[in-house]
Amino acid sequence: MDLNLIKKLIKIVNTTDNITDLEVEEEGLRVKIGKNLHSNQIESHQFMTPANVAMQQVPAAAQAPAPEEKKDEEKADNVHEIKSPIVGTFYRAPAPDSDAYVQVGDSVSSGAVLCIVEAMKLMNEIESDASGKIVKILVENGKPVEYNQPLFLIQTS
């Protein structure tokens, strides 16, 4: 199944009010996409691999900062969130023995690579869409991330 097709399906589900769940199966690979209509409800998603081995993804709600923390961060002036464009595994460095792309306190420019999100054995470089200083890294290395989950907080000038 093509990664671009999955991205398009996610976009369709997110932008359409009438569609809340979508399931597609192709050549033994099944992808299920769903909207969380109630933000306080935690769901678990299962993805089937071609070998029919189920892997459970940790819900984004379990990884997100506590509501009090998030409110404090949002109150800060000029703070921009970098969000994951896809579901996958978050990596801070290009290889296990390499240095991380960025650290807290680093200045980054728009277009700079911040991390990698691995999805279906493809390494997707996530670039900054704003210039500024990294104030917080919201995900631990090697942890699963959901679509549109905040990864970094950047203080813009």
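For the reader, a short list of remarks on this structure follows.
- Some residue of the stretch 91-104 being within 24 Å of S157 (Cα to Cα), loosely packed, with under 13 Cβ neighbours inside 10 Å and outside the structural domain of G34 (by TED's automatic domain parsing): yes
- Looking at A130, A119, just one residue is over 20 Å from G88 (Cα atoms) and in contact with a strand residue (DSSP E or B) (Cβ under 7 Å, 6 or more places away or on another chain), and that residue is A130.
- Scanning the stretch 1-29 for residues that are assigned to a helix (DSSP H, G or I), among the β-branched types (V, I, T), out of contact with any Leu (no Cβ under 8 Å at 6 or more places or on another chain) and loosely packed, with under 13 Cβ neighbours inside 10 Å yields a single hit, T15.
- With a requirement of 1 or more residues that are within 22 Å of N14 (Cβ to Cβ) and touching a residue at least 12 places away in the same chain (Cβ under 8 Å), the strands (runs of 3 or more DSSP E) lying completely within the stretch 86-157 that satisfy it span 88-91, 113-119, 122-127, 150-155.
The values are calculated or read from the model by the stated rules, or taken from the named source; none is laboratory data. Please read all numbers here as calculations on a predicted model, not as lab measurements. Cβ coordinates were reconstructed from backbone atoms using ideal geometry, including for glycine residues, and neighbour counts include every protein chain displayed.
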